[in-house]
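This report refers to the structure that appears directly beneath it.
The values are calculated or read from the model by the stated rules, or taken from the named source; none is laboratory data. For clarity, every value in this text was computed on a predicted model and none was experimentally measured. All Cβ positions, even for glycine, are placed from backbone atoms using ideal geometry, and neighbour counts span all protein chains on display.
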Amino acid sequence: MSESHDPRDDRVSTEKLPGRTRRRFPDISSRAYEHPADRSALVALRKLSGFDTVFKSLSGLLPERSLRLLFLSDSVRVSDEQFAHLNAMLRDACYILDLEKVPSMYVTMDPQPNAMCIGMDAPIIVVTTGLVELLDEEEMRAVIGHEVGHALSGHSVYRTILLFLTNLALRVAWIPLGNLAVLAIITALREWFRKSELSADRAGLLVGQDVQASMRGLMKIAGGNHLHEMNVDAFLKQADEYEAAGDLRDSVLKILNVLPRSHPFTTVRAAELRRWAASRDFQRLMDGHYPKRTADKDASVSDAFRDTANHYSESMKRSKDPLMGLIRDITNGAGDVGGRLRDRFTGSGSAQATAERPPGTQDPESTSDQDEDRPEAPQP
């Protein structure tokens with residue numbers, strides 16, 4: 001941050017909106033809200049001194065200049081004179097997340113609801129008319145906070161870098177096994193992209209500080225502007241059903257469906273955001289306890305990767321997906337792996353076990369699981 005005086009600093013650390021007060025987060029590091037898999041990648045990239053500087057100097061070789069000219073010439077730039085309400089929300093989001101340099105923002109004609117943050121040297125935010133017309137003010141505030149979160153994390157820089165590297169790798173795809181290597185790079189890149197979207201969803205919640213508005217926005221993106229026909233709780237149940245339904249065939253189909261996507265499915269995003277909003281980490285952050293941007297240079301790469309490993313381990317433990325259940329069984333040294341694989345792939349394991357079980361007895365596995373999940377004492 002520069003030493004020059006910012007008039008925003010004269011304001012108190014909370015911002016009032018009709019009916020509620022929001023907290024501001026001075027000097028907040030993006031590590032405070034980043035998904036563990038996203039955070040570990042970013043911490044590692046930031047440790048490569050000069051890495052992004054080299055690629056910023058090559059930005060003329062990338063389509064960034066062309067995109068900037070395109071939006072400047074064929075879209076509407078948000079300002080006090082144009083889309084003033086969006087400009088106020090943009091400045092507000094930068095104030096809440098303490099982002100000193102407010103990115104340029106454009107509205108482009110496209111009926112498809114969408115938004116993005118692009119650029120290496122100076123990020124720009126683009127929202128479509130379809131999104132502006134779809135969302136109400138508080139839902140839009142969360143979306144703009146989402147894009148400002150991308151800018152604060154540096155996603156636009158590192159995404160461009162990795163896309164450049166991916167394009168470079170495509171040129172050597174003729175090398176034996178080159179296609180497999182490129183596919184591995186692209187697959188890993190898209191997985192990171194999806195996790196970075198979960199990070200930005202969290203940033204949007206920090207800006208709006210209205211969980212229901214964030215949920216409504218995701219629900220509208222999935223089902224359109226028909227709130228009177230939709231229900232947030234029912235929408236979140238779809239995420240549970242999606243995760244738990246079917247057998248191993250469905251698990252494989254889920255993987256194939258998500259691989260080409262840059263964003264997680266909307267129900268999954270909603271469930272992930274609701275889970276984070278109910279977490280102790282979020283509460284501590286809202287209480288003012290969060291990592292500071294000035295300490296980013298001291299962030300430990302090993303600690304970040306350890307957090308990522310712990311996250312995936314915990315996710316696997318609580319997952320209801322049949323494939324994750326099989327992996328847990330194998331990891332725990334369960335016997336008759338072949339039989340379990342057959343049963344989980346066909347979905348016949350539960351029915352067969354029930355048919356063979358003597359009347360009045362319980363499945364030992366389900367009893368064990370219940371014992372593990374049962375609290376030691378009744379909760380108030």
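Miscellaneous remarks
- First in the stretch 65-92 and more than 14 Å from VAL132 (Cα to Cα) and free of Cβ contacts under 8 Å to residues at least 60 places away in the same chain, second anywhere and in a helix (DSSP H, G or I) and among the polar types (S, T, N, Q), Cβ under 7 Å, 6 or more apart: SER79/ASN87; ASP80/ASN87
- Filtering the stretch 266-298 to residues that are assigned to a loop (DSSP other than H, G, I, E, B), under 20 Å from the mean Cα position of the chain (by Cα) and within 14 Å of LEU97 (Cα to Cα) leaves TYR290, PRO291.
- With respect to the conditions (1) out of contact with any helix residue (DSSP H, G or I) (no Cβ under 6 Å at 6 or more places or on another chain); (2) hydroxyl-bearing (Ser, Thr, Tyr); (3) surrounded by 14 or more Cβ atoms within 10 Å (Cβ to Cβ), THR266 lacks only one, and its number is (1).
- Residue, farthest from GLU147 (Cα to Cα), within the stretch 50-105, restricted to residues that are touching a helix residue (DSSP H, G or I) at 6+ places or on another chain (Cβ under 6 Å) and modelled with pLDDT under 90: PHE55
- Among (1) in contact (Cβ under 8 Å) with a residue 12 or more places away in the chain; (2) surrounded by fewer than 17 Cβ atoms within 10 Å (Cβ to Cβ), the one test that TYR242 misses: (2)
- Among residues of the stretch 199-237, those that are surrounded by fewer than 22 Cβ atoms within 10 Å (Cβ to Cβ) and either of a type in the set (Lys, Arg) or in a helix (DSSP H, G or I) (or both), counted: 17
- GLY246 farther than 22 Å from GLU34 by Cα and either at pLDDT below 95 or under 19 Å from the mean Cα position of the chain (by Cα) (or both): yes
- Pairing residues of the stretch 295-309 that are modelled with pLDDT of 75 or more with residues that are assigned to a helix (DSSP H, G or I), at Cβ distances under 9 Å and at least 6 apart in sequence or on separate chains, gives ALA295/ARG31; ASP296/SER30; ASP296/ARG31; ASP296/VAL43; ASP296/ARG46; LYS297/ARG46; LYS297/LYS47.
- Flag not set for ASP98, criterion: without any contact (Cβ under 8 Å) to a residue 40 or more places away in the chain, surrounded by fewer than 20 Cβ atoms within 10 Å (Cβ to Cβ) and of a type in the set (Asp, Glu).
- Residue pairs meeting the criteria (Cβ under 6 Å; at least 6 apart or on separate chains; first at positive phi, in the stretch 112-133; second of a type in the set (A, V, I, L, M, F, W, C) and outside any loop (DSSP other than H, G, I, E, B)): none
- Inclusion of ASP110 among residues that are surrounded by fewer than 22 Cβ atoms within 10 Å (Cβ to Cβ), within 17 Å of ILE28 (Cβ to Cβ) and not hydroxyl-bearing (Ser, Thr, Tyr) is not warranted.
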